Every structure is written in structure tokens, then in C-alpha cells.
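Just below is one structure, and these are the notes that go with it.
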Amino acid sequence: MQEKYIYAITEKSVDGDNEDVTLYAKSENPLTDTEENILHDCLLKAKHDAITTFDATEECFDTESITKDALKLFVNQTGTSLTLTENPLSGIIEF
């Protein structure tokens, strides 16, 4: 069985309403610290690009579309592929 590495990608305070959105991305190999920093930068760039090129006549951008754009930038810069995946948790138990 090949091990997968899953990363939580969270956009903080989406639309300025203090709600966070978390997506999950998987990789065949663990990311290095440098790759994690590059991914962070790709996410910021993709969000900036989405905001600055937003056209009110088009469908609104969202966390998922921004993340997909960032993952494309990331693979182009590093050669490392990450793909979005379902939430890997079976449940959350609070006490």
C-alpha cells in the first residue's frame, strides 16, 4: 500500500466574515519545508489574481477555484503534484 500525505489548506476569514474554509490536498510524497513555503506563496498569488481579475459578469471565484489555480502554479514551480481530496477525517469528537 502506497502511503499518501494529506495537507489541510485553510483560507482564513473568507469574504471577511471570520469564517474559515478548509480543503484537503494529497501528495504521494511529503512536502519539504521549502515546498510548503512555495505552496503558501502560490495560494496567496492565486487569491490575489482572482481578486484583481474578478469580473462581476462571470461566476464568482471561491476557495476551491483559488486552490486549484494555486496547485497548478505549484506543480509548475516544483514538479510536485497535489490533488484535492475529500476530508480524510472519519469524524470530530469534542468534549
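No lab work stands behind these numbers, since they all come straight from the coordinates. Remember, it's a predicted structure, so these values are computed and weren't measured experimentally. Every residue, glycine as well, gets a Cβ built from its backbone with ideal geometry; the counts of neighbours run over all protein chains shown.
Just a few scattered comments:
- Eligible lysines near Lys47 by straight Cα distance, threshold 18 Å, same-chain separation 8 or greater: Lys12, Lys68, Lys72
- Measuring nothing but how far apart in sequence close Cα pairs (under 8 Å, 6+ apart) lie, relative to its length, the chain scores a relative contact order of 30 percent.
- Phi to ³J(HN,Hα) by Karplus 6.51 cos²θ - 1.76 cosθ + 1.60 over the stretch 29-34, Hz, x for Gly, Pro: 10, x, 7, 6, 4, 5
- Helix-only mean residue ellipticity at 222 nm for the chain, each DSSP H run of n ≥ 4 adding -39500 (n - 2.57), per residue, nearest 500: -13000 deg cm²/dmol
- Calculated FRET value between His40 and Phe95, using beta carbons and R₀ = 30 Å, to 0.05: 0.40
- Per-residue 3J(HN,Hα) values for the stretch 44-52, derived from phi via the Karplus relation 6.51 cos²θ - 1.76 cosθ + 1.60 with θ = phi - 60°, read 5, 5, 4, 5, 4, 4, 5, 5, 6 Hz in sequence order (x marks Gly and Pro).
- In this structure, Thr85 and Ser13 have a Cβ-Cβ separation that, at R0 = 30 Å, corresponds to a calculated FRET efficiency of about 0.80.
- The stretch 77-82 - phi-based ³J(HN,Hα) in whole Hz, Karplus 6.51/-1.76/1.60, Gly and Pro as x: 7, 10, x, 9, 9, 10
- Cut-off under 5 Å, modelled amide H: who pairs with Tyr24 long-range: Ile9, Thr85
- The ranking of Ile92, Ile51, Ile38 from fewest to most other beta carbons within 10 Å of each one's beta carbon is Ile92, Ile51, Ile38.
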